[in-house]
Each structure stands twice: as C-alpha cells, then as structure tokens.
1. Kyte-Doolittle cut-off 0.5, length cut-off 20 Å along the helix's own axis using Cα: show which whole DSSP H helices in the chain pass.
2. Taking the Cα centre as origin and putting +1 on Lys and Arg beta-carbons and -1 on Asp and Glu beta-carbons, what dipole magnitude results for the chain, to the nearest 20 debye?
3. Can you compute the helix-only [θ] at 222 nm over the chain? Use -39500 (n - 2.57) per DSSP H run of at least 4 residues, normalise by all residues, nearest 500 deg cm²/dmol.
4. If Asp85, Asp235 are ordered by their accessible area, calculated over protein heavy atoms with a 1.4 Å probe, which sequence runs from highest to lowest?
5. Which order do Thr138, Thr196 take by accessible area at a 1.4 Å probe, largest first?
6. Taking amide H atoms as placed 1.01 Å from N in the peptide plane, list the residues 5 or more away in sequence, or in a different chain, whose amide H sits under 5 Å from that of Val203.
7. Could you tell me the ratio Rg/Rh of segment 135-265? Both radii from Cα atoms, Rh via Kirkwood.
8. Enter the accessible area of Glu234 (Å², nearest 10), with the probe set to 1.4 Å and all protein chains included.
Amino acid sequence: MSARILEGGRIAEQIRAELTAEIASMDRPPHLVALMAGDDPGARAYARMQARGCEEVGIDYTLRQLDAGIAQADLLEEIMKANVDPLVDGIIVQMPLPEGLDESEAQGAIDPAKDVDGVHPMNLGLVAADRDALAPCTAQSVVRLIEETGVELRGAEVVVVGRSVIVGKPAALMLLDRGATVTICRSTTRDLAFHTSRAEILVVAIGRAEMIRGEDIKRGAVVIDVGMNYLPGEDGAKGRYVGDVAFDEAKEVADVITPVPGGVGPLTVTMLLKNAVEAAKRQRGL
Ligand code: NDP
C-alpha cells in the first residue's frame, strides 16, 4: 500500500493565518533584518522566500545587501548595529557567506533575543537543555510534521541521519525531549541501513540525492526527508529537486512520507516567521 504523503504547505498556511492575526493585534509589526553579503543564488532565493512570507503575514522585512568583499570586522559591525537598534526585532545572516568570512563567529555575534534562525550557541544550548528557545527553523519543521502525523513520540524509535548543528542535532534533541529514543547517524556510522531499517520514525538530513532506498526503511515507518538536492536536466533540460530518500521506493514501504519539494521546505520559512513574532513579543514584554 502506498504511503500517505505529508505536505508542509497546508500546515504552513494554518500557522501563517495564526501569525497574521497575532501580528494584527500588535502595536507595530515585527521587523526582520536580513544581512546578505555577496550574491549566492541559494541565499538570494531564500531571501526572496523570506520577503514573500513576511509580506504575507505582515512582518516588516529589510534586506541589507553587503559587499561580497566585506571584511569580517565590518560584517560584525553591521550585526552589532542591528543588535542595538530598538526597531529591529529579528536578525538573519544569510548563509553561505562569501569565502573568507567566519560564519560561526557571525552567528555568535547576533543578539540571542533577535536570533530568529536559532543559530546562536545560546539558543542551541537552550534547546539542548529542554528550555524554551528560538529553535532552528528546519528542526522545528521536522518536529511539527511528525506531530502532525499523530504518531506517539513517547518511546518511539527515532533515527536521525545527519548531525548538522542547525538541522539533525537540534531535531534529535527536540524529539528526545518529547520522549523518543533517538539515534543520530553520520558519515562515520558503520552500518547505516541497520539503523534506518529499524526506525519507526526516520528523519533524513544528509544532502545526498536519493541515498536512502526503500529497502533501508522499516515497513510502516514515518519518513521525514529534509534533503534538497538539485539534479540538472539532461541536454539543457530543466533540472529538478529530489530529497535524500528515494521517494518512489520509500512510499511503497513507509506509512507516511514527506515529499521533496513540498514537505519540510514550505514549513521552514514559516517557522522563521513564527520565530520573528516570538522574538518581537519577548522583547516587547508581550
Ligand atoms: P550538512 O552538510 O551540514 O550535514 C550533513 C550531515 O549528513 C552530516 O552530519 C554528515 O555526517 C551526514 N552524512 C553525509 N554523508 C553521509 C553518509 N554517507 N551517511 C550518513 N550520514 C552522512 O547538511 P545540512 O544538515 O545543512 O542539510 C542536509 C540536507 O538538508 C541538505 O540537502 C540541505 O539542502 C537540506 N536542507 C533543507 C532545508 C529545508 O528547509 N528543506 C533546510 C536546511 C537544509 P558528518 O557529520 O559525519 O560529516
């Protein structure tokens, strides 16, 4: 039997409607500032999605374009300016930064109260401590999608493939906090299929096209595919995005599966909007 396809778009719409109503009741809209150094196409596309999302729910969005050759000290200065500006509620530093700039130093320079991407070590630490935090947006999307399935997380065998600081690791910690038994796999894991094939809930965030095959998945599992991999078309034809999971095979084995595109992706920007509202409320004592 074919799996239920769990789309992120419908959940995103519902959250955006709630945010729109909440923002309408605030004295002034939250203000989000995105700092973008250079012109990476991925960062540019993400910034466009941020701008559209903000406009839809009523958040003021400012994209500050910085020179690709900006010095690290000047980038930090830009972050500091936004940190101390009382009219700025949220700050994002668009990744990737041009070569030569230190991404983690930039992320660490953001005021944790304005860190709407959830990338400051303090926010990541709060996630690890099971405390309220501006948590990383993609990890929040993963958790929300799993919760949407109605599957019992307490006692569930969860396997997360990928341990990046902003996706795999925080998603694993948030699921652990909800009572699951969590295994995190990475490139050095000896027998990946052993782990994935016993997972009742499988979260995959690797960045390798269709690496997890149907035979690697337990029958009846919930599969959340975070991967976004661009496959160029042949002979100049338009390319397409695929996940880290071989969707056509996996959907014959899994009970529920997220598609790529259309699963985790649409929710991630929405979680950023949600963090922006949360950051504004906290800073205004609401
Ligand atoms: P990273 O490159 O930071 O991390 C990849 C992880 O995968 C690492 O932990 C790495 O292990 C692990 N890995 C690599 N190869 C293997 C392997 N052969 N077996 C097991 N594990 C492996 O990626 P991100 O977490 O940033 O992103 C992962 C994917 O999710 C990407 O496709 C990205 O585009 C996508 N993404 C999608 C988002 C969305 O909103 N839809 C948002 C963010 C990311 P090790 O640590 O040992 O190197």
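The values are calculated or read from the model by the stated rules, or taken from the named source; none is laboratory data. Please read these numbers as outputs of a predicted model, since none were measured by experiment. Positions of Cβ are backbone-derived with ideal geometry, glycine not excepted, and every protein chain shown enters the neighbour counts. For accessibility, only protein heavy atoms count, side chains too; no ligands or nucleic acids. Shrake-Rupley method; radii C 1.70, N 1.55, O 1.52, S 1.80 Å.
1. none
2. My answer is approximately 560 debye.
3. -12000 deg cm²/dmol
4. On the way: Asp85 50, Asp235 160 Å².
Ranked from most to least accessible, the order is Asp235, Asp85.
5. The residues order as Thr138, Thr196, largest area first.
6. Residues meeting the amide H criterion: Val159, Val160, Val161, Ile224.
7. My calculation of the ratio gives 0.96.
8. Surface open to solvent at Glu234 totals about 150 Å².
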